[in-house]
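The values are calculated or read from the model by the stated rules, or taken from the named source; none is laboratory data. In this text, all values refer to a predicted model and were calculated from it rather than measured experimentally. Glycine also receives a Cβ, built like all others from the backbone with ideal geometry; neighbour counts cover every protein chain displayed. Quick note on the areas: whole protein, heavy atoms, side chains included, nothing else; ligands and nucleic acids left out. Shrake-Rupley method; radii C 1.70, N 1.55, O 1.52, S 1.80 Å.
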Amino acid sequence: MTSVQHLAPFAVVTPMLAATVIAGLSFLPRRAHEIVAIAAALASTTMCAILLVHAADGPVVYWVGNWHPHQGVALGISLTVDQFGAGIATLTGALVVASLVYSTRYFDELEPPYLALVMAFMAGMVAFSLTGDLFDMFVFFELMSVAAFALTALRIEERAPIQGAINFAVTNSVAGFALLVGIALLYGRTGALNLAQIGQSLDHQPADSLVAVALLLVVVAFLTKAAAVPFHFWLADAHAVAPAPVSILFSGVMVELGVFGAARVLSTAFAQPIQPALPDLRMVLVGLGVVTAVVAGVNCFQQRHLKRLLAFSTISHMGIVICGVALLGDRALAGAAAYALGHGLAKGSLFLGTGTLLYHYGSIDEFELRGKGRDLPLLGVVFVAGALVLATAPLVTTFFGKSLIDDAALSADYWWLPAVLALASGLTGAAVLRATGRVFLGWGTPAPRDPEGTESEEAGQEESAHEEGADVKAHASVPVVLVLVPAVLMAAAVVAGLVPDLVPSIERAGAHFRDHVGYATAVLAERAPVYNAVATSHVTVTAWIYSLASLAAAAVGAVVGLRGHQVVPAGIGDALRAAHSGHVGDYVAWWTFGMAVVGGLVVWAVAG
């Protein structure tokens, strides 16, 4: 076994050990805890980056306890590291490092439990990215969930964080139970938990109702973590109350991991059973992605609370990423990955930017901040760049991802899909651009005078999820770190797509990710897979047209919003706000409704 293979478990163990050290030695000075956490995060990120490089020729497989397959049958637990898994693990590490560096100056008091939770959260996300075992995906799904619940409720002295964390915990725990039942069904049918072994077993069996239900339960559980509509209600409440350095991890990588999990099982365990039902299943999943992108985009534009605005933007953009996965093609999957990369970096930057505004001014209400941001010009530039990235402006990283998704959609005769996704990205870009103009330039109308007619969403939720730190104290000066970290992340989001060979390498990785035969060869036969050559694409004229259309929509929408006009009829807006009631019972009811509708369609598509 090579030393590279040993990096896989160490990438997981390092942050977990750091969490143990920080929690066990809580009496040490704050600076010591910060050094341990940042050093561990950097070490784990470096190991994931090395794995990413070595996974180019095929998955790097590590068998825990040295339990290797016997005659093609998996006996132990594997960490199966391909480029997508290592890539999202590396992104996780980079955002954790950014969050920790930002936290050193953001919190007046930084307690050891916070750093220990962040390290445990990182360990869960990295392990989820690297594991090749379906039951371990559930275990690490729960690990990162529990850490995330606690981080949401970090300010336990306030009511709102507790309620936001409860909404988050209950909804995601229901999804976790669904995932466990789906795994049990697959284990009963195949006698396996290894993803490659499950896929190989299902290759020789029909996709009957049991397989269809198992697919439904597993995929919906992961899409709940991805905040797909109507499983999304927890996200806005969690973002509204979680500290900004935590929100960067929620929107920057955790929700992306939900889509990654769905893509992983569709490309390995269920790769062969869904082949006969590919057109129908594609239609169902694309429909789910479109509803997510459009509904959340409209909700995003209605917000005046900046963290809620960004939260709904995240949901909308996850709808676009879900569409990339749902097209069930190599190029579309690569587009989803490239889009997720640009979105994760940009959204992480924007959430840290809102944290800086809260730190300096004591508020993140768009109208209360009107014109106050003039003394933070660099942060204003960051927000403008963020709006361009969200609107998929030409040559930013999300532009290259969306161009691949658009190309795949047109090839699959979904000629209308690029226009719908351009509308969704335009809406979210418009919301951020509008807020930027009002906060940093003082443009637009002042706060509405009639609170009953124009109240913000959180006011209509019986104060279920106020902004983070409702009683936070404004600081007279802003440390350089609180502006520099968001600026660096945003610069990376803008230029990453221009790095030579990055997008073509993502296309190759997408084709390898969906090669379930090569995956099984690497895992069960322990041989390097032989991949076919992958033809990389070029940006088409159509991609430029849709990009410019999205950018124009963002500009027009920002102008309309600054003048105080609504972009949707009041009745629709009121209905969308009412659905986000803040009551966990309502959220579980919506989750059940979504499971029934999506479940019926998936069973019809796969086993009908």
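The number of residues in region 163-201 that are farther than 20 Å from F231 by Cα and not hydrophobic (A, V, I, L, M, F, W, C) comes to 10. The residues on offer are V4, V61, V12, and the sole one that is under 20 Å from A127 (Cβ atoms), open to solvent by less than 30 Å² (accessible area, probe 1.4 Å), not small (G, A, S) and not in a helix (DSSP H, G or I) is V61.
Conditions tested, residue by residue: (1) of a type in the set (S, T, N, Q); (2) at pLDDT 95 or above.
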| residue | (1), (2) |
| --- | --- |
| A338 | no, yes |
| L341 | no, yes |
| A346 | no, yes |
| S349 | yes, yes |
| L352 | no, yes |
| D365 | no, no |
| L369 | no, no |
| K372 | no, no |
| L376 | no, no |
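Conditions tested, residue by residue: (1) surrounded by fewer than 22 Cβ atoms within 10 Å (Cβ to Cβ); (2) more than 21 Å from A491 (Cβ to Cβ).
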| site | (1), (2) |
| --- | --- |
| L333 | no, yes |
| S349 | no, no |
| L358 | no, yes |
| E368 | yes, yes |
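None of A520, A492 is surrounded by 13 or more Cβ atoms within 10 Å (Cβ to Cβ) and modelled with pLDDT of 95 or more except A492. Against the conditions (1) modelled with pLDDT of 95 or more; (2) buried (at least 24 other Cβ atoms within 10 Å of the Cβ), V384 satisfies every one except (2).
Being under 30 Å from F177 (Cβ atoms), open to solvent by 50 Å² or more (accessible area, probe 1.4 Å) and of a type outside the set (V, I, T) is a property that G600 lacks.
For V181, indicate whether it is of a type in the set (V, I, T) and surrounded by fewer than 24 Cβ atoms within 10 Å (Cβ to Cβ). Taking the combined requirement at face value, the residue satisfies it. Return the pairs, sorted by first residue and then second, in which the second residue is open to solvent by 40 Å² or more (accessible area, probe 1.4 Å) and of a type in the set (G, A, S), the first residue lies in region 35-58 and is farther than 23 Å from A120 by Cβ, the beta carbons are less than 7 Å apart, and the residues are 6+ apart or on different chains. Taking only residues 6 or more apart or on different chains, the pairs are D57/A528; G58/A528.
What do you reckon, is R264 touching a Phe, Trp or Tyr at 6+ places or on another chain (Cβ under 9 Å), farther than 30 Å from M119 by Cα and of a type outside the set (S, T, Y)? Show your work before the answer.
On the way: touching a Phe, Trp or Tyr at 6+ places or on another chain (Cβ under 9 Å): yes; farther than 30 Å from M119 by Cα: no; of a type outside the set (S, T, Y): yes.
No; evaluated as a whole, the condition is false for this residue.
Would you say S537 is closer than 30 Å to V60 by Cβ, touching a residue at least 60 places away in the same chain (Cβ under 8 Å), assigned to a loop (DSSP other than H, G, I, E, B) and among the polar types (S, T, N, Q)? Yes: the conditions hold for S537. Among residues of region 366-378 that are among the aliphatic types (A, V, I, L, M), those with a Cβ under 9 angstrom from a residue that is in a loop (DSSP other than H, G, I, E, B) and at pLDDT below 90, sequence gap 6+ or separate chain, pair up as L369/S363.
Results for (1) out of contact with any Asp or Glu (no Cβ under 9 Å at 6 or more places or on another chain); (2) aromatic (F, W, Y), shown as yes or no for each residue.
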residue	(1), (2)
V96	yes, no
A123	yes, no
L151	yes, no
V170	yes, no
F177	yes, yes
Y187	yes, yes
N194	no, no
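Please verify whether L341 is in contact with a Ser or Thr (Cβ under 7 Å, 6 or more places away or on another chain), open to solvent by 20 Å² or more (accessible area, probe 1.4 Å) and not polar (S, T, N, Q), treating the condition exactly as stated. It is true that L341 is in contact with a Ser or Thr (Cβ under 7 Å, 6 or more places away or on another chain), open to solvent by 20 Å² or more (accessible area, probe 1.4 Å) and not polar (S, T, N, Q). Evaluate region 124-134: report whether one residue or more is under 28 Å from G355 (Cα atoms) and open to solvent by 10 Å² or more (accessible area, probe 1.4 Å). There is no residue in region 124-134 that is under 28 Å from G355 (Cα atoms) and open to solvent by 10 Å² or more (accessible area, probe 1.4 Å). When region 75-90 is filtered for residues that are open to solvent by 20 Å² or more (accessible area, probe 1.4 Å) and out of contact with any strand residue (DSSP E or B) (no Cβ under 6 Å at 6 or more places or on another chain), the ones remaining, listed by number, are L75, Q83, F84, G87, I88, T90.
Is it the case, given these coordinates, that R508 is under 23 Å from A430 (Cα atoms) and in a helix (DSSP H, G or I)?
no
Do we have V21 as free of Cβ contacts under 8 Å to residues at least 60 places away in the same chain, open to solvent by less than 70 Å² (accessible area, probe 1.4 Å), assigned to a helix (DSSP H, G or I) and β-branched (V, I, T) here? Let's see the steps before the verdict.
Working: free of Cβ contacts under 8 Å to residues at least 60 places away in the same chain: yes; open to solvent by less than 70 Å² (accessible area, probe 1.4 Å): yes; assigned to a helix (DSSP H, G or I): yes; β-branched (V, I, T): yes.
For V21, the condition - free of Cβ contacts under 8 Å to residues at least 60 places away in the same chain, open to solvent by less than 70 Å² (accessible area, probe 1.4 Å), assigned to a helix (DSSP H, G or I) and β-branched (V, I, T) - is met.
Does R374 satisfy the criteria of being surrounded by fewer than 24 Cβ atoms within 10 Å (Cβ to Cβ) and either closer than 23 Å to A555 by Cβ or hydroxyl-bearing (S, T, Y) (or both)?
Working: surrounded by fewer than 24 Cβ atoms within 10 Å (Cβ to Cβ): yes; either closer than 23 Å to A555 by Cβ or hydroxyl-bearing (S, T, Y) (or both): yes.
Against the criterion (surrounded by fewer than 24 Cβ atoms within 10 Å (Cβ to Cβ) and either closer than 23 Å to A555 by Cβ or hydroxyl-bearing (S, T, Y) (or both)), R374 qualifies.
Of all the criteria given as (1) touching a Gly at 6+ places or on another chain (Cβ under 8 Å); (2) of a type in the set (A, V, I, L, M, F, W, C); (3) open to solvent by less than 10 Å² (accessible area, probe 1.4 Å); (4) within 22 Å of F301 (Cβ to Cβ), the one not satisfied by L404 is (4). Test A196 against the criterion of being open to solvent by less than 10 Å² (accessible area, probe 1.4 Å), touching a residue at least 60 places away in the same chain (Cβ under 8 Å) and within 20 Å of the chain's Cα centre (by Cα), and give yes or no. The answer is no for A196.
Confirm whether R514 is free of Cβ contacts under 8 Å to residues at least 60 places away in the same chain, closer than 30 Å to G72 by Cα and either open to solvent by 40 Å² or more (accessible area, probe 1.4 Å) or of a type in the set (A, V, I, L, M) (or both). Here the answer is no, as R514 does not meet what is asked. Does D574 fit the bill of being without any contact (Cβ under 8 Å) to a residue 12 or more places away in the chain and within 21 Å of V298 (Cβ to Cβ)? So D574 fits the description; yes.
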